[in-house]
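This report concerns only the one structure given below.
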Amino acid sequence: MQFETANGVLIARNGGEMLRIEPWGKNSLRVRATMLPELSNQDWALTETPESSHAEVECHEVDHWVGDGTIDKRESASITNGRICAVVNFAGVITFYRDGRQFLREYYRSYDGTLSRESRCLKTVNREWKGIIGGSEFSLNLKFDSNDGEKIFGMGQYQQPYMDLKGCTLELAQRNSQISVPFAVSNLGYGMLWNNPAVGQVTFGKNYTEWTARSTKQMDYWLTVADGPKQILENYTAVTGRAPMFPEDRMGLWQCKLRYRTQDEVLSVARQYQKEGIHIDQIVIDFFHWTVQGDWKFDTTYWPDPKAMVDELHSMGIKVIVSVWPSVDRKSENFQPMMDRGLLIRTERGAAQTYDYQGDCVEIDVFNPETRKYVWEICKKNYYDFGIDAFWLDNSEPDYGVYDFDHYRYIAGPALSCSNIYPQLYSRVFYDNMKDLGDGTVVNLLRCAWAGSQKYGNVVWSGDVPSTFEAFYDQLQAGLNMGLAGIPWWTTDVGGFMTDDVNDPDFQQLLIRWYEFAVYSAVLRMHGDRGPYNIPPLDTRDWGGGYLHTGQPNELWSYGEENYRIMKKYYDIRIEMHDYIKQLYEEASSNGSPLIRTMFYEFPEDSKCWELQDQYMFGSDYLVAPIFHLNQFEREVYLPSGKWEDTRDHKVYNGGQIITADAPLDSMPVFKRI
């Protein structure tokens, strides 16, 4: 191993690999390696200029246990940036320290250079590179020793009932309702960003942690240390970016359903809300308002005057958001021009098709700057210039017909090497241009994200999840981990997306419990595909804005008087909390804190809070205990130290105890810290 120490950077070379470790922000290090002649200059998620710091880099000799009981002297090197230190031994194995105490070490069991006192004849190395035949890229396998008692959180959104990810295997890939945001927070006082958008996998195993990238040119990860999760997230968002300040006029109720088919339907809903005395901040126009996918325009048969519609909605103080998909049907007027200019995703074999819902489609290649320019110019002319305020960038993973990532290619390279950043680039088709127009804070709605997406005005929702209590419980785990991965603007479809029968009392109970929870989340948004599908289509054609089905009504009053009363009651609570919610958005913008927070985020010294995953903090003041079971009308709630006031009857409890709280259908347990 050859070490170089220059300008506060540690470089090590061994067997054709170059390893580079450098300071990158407060108490943080960036670690890169490649088998190519040099590293790329791609920073991926690390887009912000890091806080300047002076790192101490040293080379020295250390005792090395040979294995036969003798000690040998071998050269090693270290780099220290504040509270974090990395030591590289002569075999290239890295050990990381926080305040002088080891918290992470690469897993290496291959004779000389092994630091473990366990088996060394496995020939398992820390960083395994395997060349991909016919290309300049490699598959990469990186291993770390596992830490007993460690808990791991963050990493984005996975549809599972586990908040603590220790013991889990996670696919590093984007799918409908699965969002890979590869930043992990450990209870051992560190955070790690896998700064690589390649498709792969991570396993936080009991025996070792293993990260894989199926196609990449280099390894790239970033580590930070701090006293608690709040400080870890502050360090992380300082180098990846923070959300802008959320506009006050969108902190209330968003109204949506699958799907409003005409401008008259949209206006009638808005007028009824106005008549009911309920202000909606934003109304959403869902998919297939268009002619065919990829035309990116209203079907004038059903939307004859979008400008007049938008003007009337604006006169009511309602913003308008419209759905845009990345799929281009072969029947679209834009298909051939985009195909000819190379603006669409390519397939590696067989037919040029990437998506097959309601048409033979190919999706746009957002890695291509020409594509982003082309799509924006059309959407500006056909939507934005009518006064449309925001865009619902659905299917933003993108939602492939089959998630065979080795089958697709972008201008930037094979999908295996970079596909996870697709949703972020898709959002920037709109964010960059809208920001340049100077219309204030840009807020668009997306179904997917990657590390750093918080910078680009993304409200991220959890995808097309079923209307079940099990899925509801999973969404809380997803939302809490998304917040720890740096995405504060996160939400769900109230009641879940997929409903068979809106008249089912069990579904209506779920809807109310979900709605109560959503009031105490970043964005309160009514949406769903509501069965039964007995509403006839408007048109007999197999294309255009009238042929596709629509779901049942999904407004607050659509589920009977008693349910309406409850939803109106909680709507009023949301409006009354406006100033507090504004304060939470300000905090997200200033230090990266999410709006919905794990219990340990606010109480890191309380070991019990690291175990809780069925209650959470809405900001620093409100403890929220949702109801996750049918016909459950009470539940246990753990109150940490301090004093807590039940927001319903104002009874005050001492903390440090578990209480049983009543939870009739119209009342979710919420406690305010006093």
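Restricting attention to region 589-647, which residues are among the hydrophobic types (A, V, I, L, M, F, W, C), over 27 Å from F246 (Cα atoms) and part of a loop (DSSP other than H, G, I, E, B)?
The answer is L612, I627, F628, L630, F633.
What pairs can you find where one residue is in region 159-171 and within 19 Å of G496 (Cα to Cα), the other is small (G, A, S) and at pLDDT 95 or above, and their Cβ atoms are less than 6 Å apart, with a gap of 6+ or different chains?
Taking only residues 6 or more apart or on different chains, the pairs are Q159/S177.
What number of residues within region 380-397 are assigned to a loop (DSSP other than H, G, I, E, B) and over 14 Å from F287 (Cβ atoms)?
4
Which of the residues spanning region 328-356 are over 30 Å from G134 (Cα atoms) and either among the charged types (D, E, K, R) or in a strand (DSSP E or B) (or both)?
Those that are over 30 Å from G134 (Cα atoms) and either among the charged types (D, E, K, R) or in a strand (DSSP E or B) (or both): V328, D329, R330, K331, E333, D356.
Could you please find all residues in region 619-660 being farther than 23 Å from F507 by Cα and among the hydrophobic types (A, V, I, L, M, F, W, C)? Give the derivation first.
Going residue by residue through region 619-660, those that are farther than 23 Å from F507 by Cα are 619-623, 636-660.
Of everything in region 619-660, those that are farther than 23 Å from F507 by Cα and among the hydrophobic types (A, V, I, L, M, F, W, C) turn out to be L623, V637, L639, W644, V652, I658, I659.
In region 130-154, how many residues are among the β-branched types (V, I, T) and at pLDDT 95 or above? Even if it seems obvious, please write down each step before you answer.
Step one: of region 130-154, the residues among the β-branched types (V, I, T) are 132-133, 152.
Among the residues that remain, those that are also at pLDDT 95 or above are: 152.
Of the residues in that region, 1 qualify.
Which condition number does D464 fail, the rest of (1) on the phi < 0 side of the Ramachandran plot; (2) in contact with a Pro (Cβ under 9 Å, 6 or more places away or on another chain); (3) not hydroxyl-bearing (S, T, Y) being met?
(2)
State whether one or more residues within region 632-652 are of a type in the set (G, A, S) and either closer than 23 Å to K151 by Cα or open to solvent by 70 Å² or more (accessible area, probe 1.4 Å) (or both). Reasoning before the result, please.
Pass one, region 632-652, residues of a type in the set (G, A, S): 641-642.
From what is left, the residues that are either closer than 23 Å to K151 by Cα or open to solvent by 70 Å² or more (accessible area, probe 1.4 Å) (or both) are 641.
Yes, some residue in region 632-652 is of a type in the set (G, A, S) and either closer than 23 Å to K151 by Cα or open to solvent by 70 Å² or more (accessible area, probe 1.4 Å) (or both).
Mind checking which pairs have a first residue in region 595-618 that is without any contact (Cβ under 8 Å) to a residue 40 or more places away in the chain and a second that is open to solvent by less than 10 Å² (accessible area, probe 1.4 Å) and part of a loop (DSSP other than H, G, I, E, B), Cβ under 7 Å, 6 or more apart or different chains?
F603/P640; D606/P640; C609/P640; Q615/A625
Out of everything in region 220-257 that is of a type in the set (A, V, I, L, M, F, W, C) and open to solvent by 10 Å² or more (accessible area, probe 1.4 Å), what residue ends up being nearest to G496 (Cα to Cα)?
Out of the qualifying residues, it is M245.
Between residues in region 249-263 that are farther than 12 Å from G528 by Cα and residues that are outside any loop (DSSP other than H, G, I, E, B) and of a type in the set (A, V, I, L, M, F, W, C), which pairs lie under 6 Å by C-beta distance while being six or more apart or on different chains?
Correct list of pairs: M251/I581; L253/I280; L253/L524; Q263/M309.
Return a yes/no flag: does region 352-371 have any residue that is touching a Gly at 6+ places or on another chain (Cβ under 6 Å), open to solvent by 70 Å² or more (accessible area, probe 1.4 Å) and not basic (K, R).
Checked region 352-371: at least one residue is touching a Gly at 6+ places or on another chain (Cβ under 6 Å), open to solvent by 70 Å² or more (accessible area, probe 1.4 Å) and not basic (K, R).
Quick grid of which residues meet (1) assigned to a helix (DSSP H, G or I); (2) in contact with a Leu (Cβ under 7 Å, 6 or more places away or on another chain); (3) within 15 Å of K257 (Cβ to Cβ); (4) among the polar types (S, T, N, Q):
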{"site": "Q508", "(1), (2), (3), (4)": "yes, no, no, yes"}
{"site": "L511", "(1), (2), (3), (4)": "yes, no, yes, no"}
{"site": "A522", "(1), (2), (3), (4)": "no, yes, no, no"}
{"site": "N534", "(1), (2), (3), (4)": "no, no, no, yes"}
{"site": "R541", "(1), (2), (3), (4)": "no, no, no, no"}
{"site": "G544", "(1), (2), (3), (4)": "no, no, no, no"}
{"site": "G551", "(1), (2), (3), (4)": "no, yes, yes, no"}
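Identify, please: which residue in region 140-160 is more than 23 Å from D399 (Cα to Cα) and open to solvent by 40 Å² or more (accessible area, probe 1.4 Å) and is, among those, farthest from the chain's Cα centre (by Cα)?
D148
Given the criteria open to solvent by 70 Å² or more (accessible area, probe 1.4 Å), within 20 Å of V442 (Cα to Cα) and not in a loop (DSSP other than H, G, I, E, B), does E377 qualify?
Against the criterion (open to solvent by 70 Å² or more (accessible area, probe 1.4 Å), within 20 Å of V442 (Cα to Cα) and not in a loop (DSSP other than H, G, I, E, B)), E377 qualifies.
Closer than 23 Å to Q2 by Cβ and open to solvent by less than 10 Å² (accessible area, probe 1.4 Å): is that true of A33 in this structure?
Details: closer than 23 Å to Q2 by Cβ: yes; open to solvent by less than 10 Å² (accessible area, probe 1.4 Å): yes.
The answer is yes for A33.
If I ask for residues that are within 25 Å of W610 (Cβ to Cβ) and of a type in the set (D, E), which ones from region 635-674 would you list?
If the condition is that a residue be within 25 Å of W610 (Cβ to Cβ) and of a type in the set (D, E), then E636, E645, D646 are the ones that fit.
Kindly indicate whether any position in region 575-591 is under 26 Å from P161 (Cβ atoms), at pLDDT 95 or above and either of a type in the set (F, W, Y) or open to solvent by 10 Å² or more (accessible area, probe 1.4 Å) (or both).
Scanning region 575-591, I find no residue that is under 26 Å from P161 (Cβ atoms), at pLDDT 95 or above and either of a type in the set (F, W, Y) or open to solvent by 10 Å² or more (accessible area, probe 1.4 Å) (or both), so the answer is no.
Are any of the residues in region 10-25 over 28 Å from the mean Cα position of the chain (by Cα), more than 13 Å from G92 (Cα to Cα) and crowded, with 19+ Cβ neighbours inside 10 Å?
no
Please go through region 162-211 and give me each residue that is of a type in the set (S, T, Y) and either touching a helix residue (DSSP H, G or I) at 6+ places or on another chain (Cβ under 9 Å) or crowded, with 19+ Cβ neighbours inside 10 Å (or both), ordered by number. Write out each step before concluding.
Just the residues of region 162-211 that are of a type in the set (S, T, Y), to begin with: 162, 169, 177, 180, 186, 190, 203, 208-209.
Y162, S177, S180, S186, Y190, T209, listed by residue number.
On the basis of being surrounded by fewer than 14 Cβ atoms within 10 Å (Cβ to Cβ), aliphatic (A, V, I, L, M) and over 30 Å from E348 (Cβ atoms), does L122 make the cut? Even if it seems obvious, please write down each step before you answer.
Details: surrounded by fewer than 14 Cβ atoms within 10 Å (Cβ to Cβ): yes; aliphatic (A, V, I, L, M): yes; over 30 Å from E348 (Cβ atoms): yes.
In short, yes.
Does region 445-504 hold any residues that are of a type in the set (V, I, T), assigned to a loop (DSSP other than H, G, I, E, B) and closer than 28 Å to L425 by Cα, and which are they? Spell out how you get there, then give the answer.
To start, the set of residues in region 445-504 that are of a type in the set (V, I, T) comprises 459-460, 465, 468, 487, 491-492, 494, 499, 502.
Remaining after also requiring assigned to a loop (DSSP other than H, G, I, E, B): 465, 468, 487, 492, 494, 502.
V465, I487, T492, V494 - these are the residues of region 445-504 that are of a type in the set (V, I, T), assigned to a loop (DSSP other than H, G, I, E, B) and closer than 28 Å to L425 by Cα.
Return the residues of region 533-552 that are surrounded by fewer than 16 Cβ atoms within 10 Å (Cβ to Cβ) and either of a type in the set (A, V, I, L, M, F, W, C) or touching a Lys or Arg at 6+ places or on another chain (Cβ under 7 Å) (or both); say none if nothing qualifies.
Of everything in region 533-552, just one residue is surrounded by fewer than 16 Cβ atoms within 10 Å (Cβ to Cβ) and either of a type in the set (A, V, I, L, M, F, W, C) or touching a Lys or Arg at 6+ places or on another chain (Cβ under 7 Å) (or both), namely I535.
Only one residue in V320, V328 is in contact with a Leu (Cβ under 6 Å, 6 or more places away or on another chain) and open to solvent by less than 10 Å² (accessible area, probe 1.4 Å). Which one?
Result: V320 is the single residue among V320, V328 that is in contact with a Leu (Cβ under 6 Å, 6 or more places away or on another chain) and open to solvent by less than 10 Å² (accessible area, probe 1.4 Å).
The values are calculated or read from the model by the stated rules, or taken from the named source; none is laboratory data. All figures in this text were calculated on a predicted structure; none of them were measured in a lab. For neighbour counting, all protein chains shown are included, and Cβ atoms are generated from backbone atoms with ideal geometry for every residue, glycine included. These area figures cover heavy atoms from the full protein model, side chains too; ligands, DNA and RNA do not enter into them. Shrake-Rupley method; radii C 1.70, N 1.55, O 1.52, S 1.80 Å.
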